[in-house]
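Scroll down for the structure; my scribbles are underneath it.
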Amino acid sequence: MRRRSLLVSGAGGAAAGMVSACARSEETAPNDAMQAVAEVAQPHDPSPGPQEQPTDWIPVNVSGISFSLLSAMEGPTPHRDWGPYTVSYDMAASSQEGFDQRLMVSALDTTTTADGLRQTVDLAVAGLVTGYAQLARVSWQRDSGTAVERTAFSWGPEGLWCGWTWILASGVGAGVVTLLGTYTDDGLRNGVEDTLDLVRRQS
């Protein structure tokens, strides 16, 4: 399955803010107040995917929702009051949020439609994080027949962080997975997305 690049809809405001912050007066010499490259925060390298580094990933099945996950993520942590989400997995924290990456997973629902689940998920995510704002949606169908709808959104202080929600639906039911990141890890996002599917629960 092809890799999917980060959606950047709605980034104009952030770009304008960056231009304003980098602007300098004509009286300032070109090199004044410039930071050394080592002092500037660098973007995180993407995690190697399941194909590149299979030993770093483990298969996960949460009540019929299957996917691969980085083995460094801790969990599952059960939740009773997170809306449709029943468990979460966290990457060790270096941010004030208490995590760097968080994956939230629902149970497989055999009674709710994808439309009903979408409304529930939007309300749940908006209640669990600050600054939630949807950016764009895209949908496709996996070879297995599972329909997938991915919503990209911004969240966090001033909407600087990115997240993605996948709603899955097939003949076995519907489910939802949401990834929150305090930085963008395309390797983690693609690794989860490329392996997401719905399977029948084992009796």
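Check the stretch 148-169 and report whether any residue there is touching a strand residue (DSSP E or B) at 6+ places or on another chain (Cβ under 7 Å), at pLDDT 95 or above, within 21 Å of Pro48 (Cα to Cα) and assigned to a helix (DSSP H, G or I). Within the stretch 148-169, none of the residues are touching a strand residue (DSSP E or B) at 6+ places or on another chain (Cβ under 7 Å), at pLDDT 95 or above, within 21 Å of Pro48 (Cα to Cα) and assigned to a helix (DSSP H, G or I).
Only a single item in (1) closer than 22 Å to Glu97 by Cα; (2) surrounded by fewer than 19 Cβ atoms within 10 Å (Cβ to Cβ); (3) touching a residue at least 40 places away in the same chain (Cβ under 8 Å) is not met by Arg142, and it is number (1).
Once the stretch 112-147 is narrowed to residues that are under 11 Å from Thr165 (Cα atoms) and not in a strand (DSSP E or B), the residue that is modelled with the lowest pLDDT is Arg118. Hey, among Leu180, Leu188, which residue is modelled with pLDDT of 95 or more, farther than 20 Å from Gly83 by Cα and surrounded by 20 or more Cβ atoms within 10 Å (Cβ to Cβ)? Result of the check over Leu180, Leu188: Leu188.
The values are calculated or read from the model by the stated rules, or taken from the named source; none is laboratory data. Since this is a predicted model, take the numbers as computed values, not measurements. A quick note on method: Cβ atoms are made from the backbone with ideal geometry, for glycine too, and the neighbour counts reach across all protein chains shown.
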